[in-house]
1. Can you tell me which of (1) under 19 Å from the mean Cα position of the chain (by Cα); (2) β-branched (Val, Ile, Thr); (3) part of a loop (DSSP other than H, G, I, E, B); (4) farther than 26 Å from Leu224 by Cβ is the one Ile257 doesn't meet?
2. Looking at (1) over 30 Å from Thr202 (Cα atoms); (2) surrounded by fewer than 18 Cβ atoms within 10 Å (Cβ to Cβ), find the lone condition where Leu361 falls short.
3. Within segment 197-206, how many residues turn out to be in a loop (DSSP other than H, G, I, E, B) and either of a type in the set (Val, Ile, Thr) or closer than 15 Å to Gly160 by Cβ (or both)?
4. Suppose we filter segment 166-211 for residues that are more than 21 Å from Thr246 (Cα to Cα) and either aromatic (Phe, Trp, Tyr) or in contact with a helix residue (DSSP H, G or I) (Cβ under 9 Å, 6 or more places away or on another chain) (or both); how many remain?
5. Specify the residue that is surrounded by the fewest Cβ atoms within 10 Å (Cβ to Cβ); the eligible residues are those in segment 284-311 that are charged (D, E, K, R) and touching a strand residue (DSSP E or B) at 6+ places or on another chain (Cβ under 6 Å).
6. Kindly provide the set of residues from segment 265-283 that are crowded, with 18+ Cβ neighbours inside 10 Å and assigned to a strand (DSSP E or B), ordered by number.
7. So which residues in segment 319-335 are part of a strand (DSSP E or B) and in contact (Cβ under 8 Å) with a residue 40 or more places away in the chain, if there are any at all?
8. Which of the residues belonging to segment 161-186 are free of Cβ contacts under 8 Å to residues at least 24 places away in the same chain and surrounded by 13 or more Cβ atoms within 10 Å (Cβ to Cβ)?
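Just so you know, all these numbers are worked out from the coordinates, no wet-lab data involved. Since the structure is predicted, the reported quantities are computational estimates derived from the model, not experimental observations. Reconstructed Cβ throughout: ideal geometry from the backbone, glycine too, with neighbour counts over all protein chains shown.
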Amino acid sequence: MKKGLFLGIGLFLITLLLSPSAYAEIKISDSFSLYGDGRGRFELDDRKTTSATQERDRFRYRLRVGFKYAANEYVELGARLGTGDTLDANSPHVVFGSDRNNDKHSNSSAPYALTPDWFTINKAYIKGKYAGGFAWIGKESMPFWKQNEYFWDDDINPEGIAAGYTVKNLGPLSITLHGGYFMLDEGGWFTSGKGDPDDDMTTYQIVASGGFSPADFTLAYGVLNTTDGASARSQGATTTTNNSYTDSSIEVKIKAIPGVGLNVGYDYYNSDAKTKSSGSVITVGASYGNLFAKFYSIDIDTNAVTAFAQDDWANYYNDMSGYEINLGYKFTKNINADIKRFAASKKSNTSIYENRTQINLNVSF
């Protein structure tokens with residue numbers, strides 16, 4: 001089976017290499033457009049737990065379709081649907097043959113195979129834009145600049161209100177300040193004097209970007225305060241702690257070599273937890289023509305990042321030390337493929353490790 005699998009992937013990639021480099025875009029009118037993306041993925045996992053050494057391989061897919069409508073030059077309405085397990089806030093990916101892809105979850109005796117998969121709303125917002133500012137209400141992308149998903153998962157779009165403003169032409173700099181107030185769990189009615197049962201989150205960040213030949217840079221400092229602590233992994237999880245998380249980032253893009261894009265970055269994470277509260281990610285990336293590569297060195301303590309961090313690691317998103325390698329090729333503007341390798345061990349018990357290899361094919365419009 002494995003030989004046939006890799007042969008099929010190879011033939012498919014060769015076909016894409018021979019495809020024309022046209023970019024498809026669906027623009028219905030000047031005020032209304034459609035967009036979306038699809039991903040096919042194959043994963044190979046291996047791990048060592050306290051009791052066993054295990055291996056797994058599986059297929060997964062993701063499909064997202066959305067629209068944007070400009071009511072006028074200042075107001076935009078948008079929404080997006082996406083696949084995914086409704087019990088997990090982090091992942092829109094569907095596992096082939098899984099019993100968690102629909103409403104027949106594992107506590108049901110109904111058959112799971114080939115039943116319809118979930119399609120959920122992962123964006124729905126009204127956004128106002130004026131000059132260098134914006135504000136939105138609804139469910140939209142997190143207003144927080146970042147270099148990776150080790151602080152916040154790109155697949156999670158918070159629900160609430162957000163605003164931001166950018167000041168340009170400050171010499172070689174531009175400054176952006178943005179933030180938001182978001183609901184994590186609406187507790188409903190409560191008795192006056194007995195406390196608000198809602199779980200919420202506030203964020204703010206200042207970002208400075210500019211350039212001095214032969215390099216561009218971005219500096220960012222942001223804070224996320226939440227009533228959901230590090231043990232709250234996904235929707236429906238029990239609130240346990242109130243924590244403040246900080247992400248300090250620096251990224252430099254170097255243009256010293258003609259035709260070669262180089263970038264280096266550093267992120268420092270910290271929370272107000274009493275123990276195991278810091279972490280860091282070092283990033284090194286390069287691109288040449290249609291080829292791109294990135295390397296991440298990761299060292300993250302148990303309480304250093306939010307409960308809503310990346311989900312590409314097999315079973316944990318913190319308390320780990322290791323690396324990620326990403327190699328990819330852009331066939332056209334809207335078609336690319338990449339191979340990712342994750343390898344890490346738990347900091348609290350280095351005999352426990354988890355490794356993952358992903359092969360991804362991505363198409364967007």
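1. (1)
2. Tallying (1) over 30 Å from Thr202 (Cα atoms); (2) surrounded by fewer than 18 Cβ atoms within 10 Å (Cβ to Cβ), Leu361 fails exactly one: (2).
3. Residues that pass the stated criteria total 1.
4. 2
5. Asp299
6. Across segment 265-283, the qualifying residues are Gly265, Asp267, Tyr269, Asn270, Ser271, Gly279, Val281, Thr283.
7. Listed by number, the residues that qualify are Lys330, Phe331, Thr332, Ile335.
8. Selection gives Tyr181 alone.
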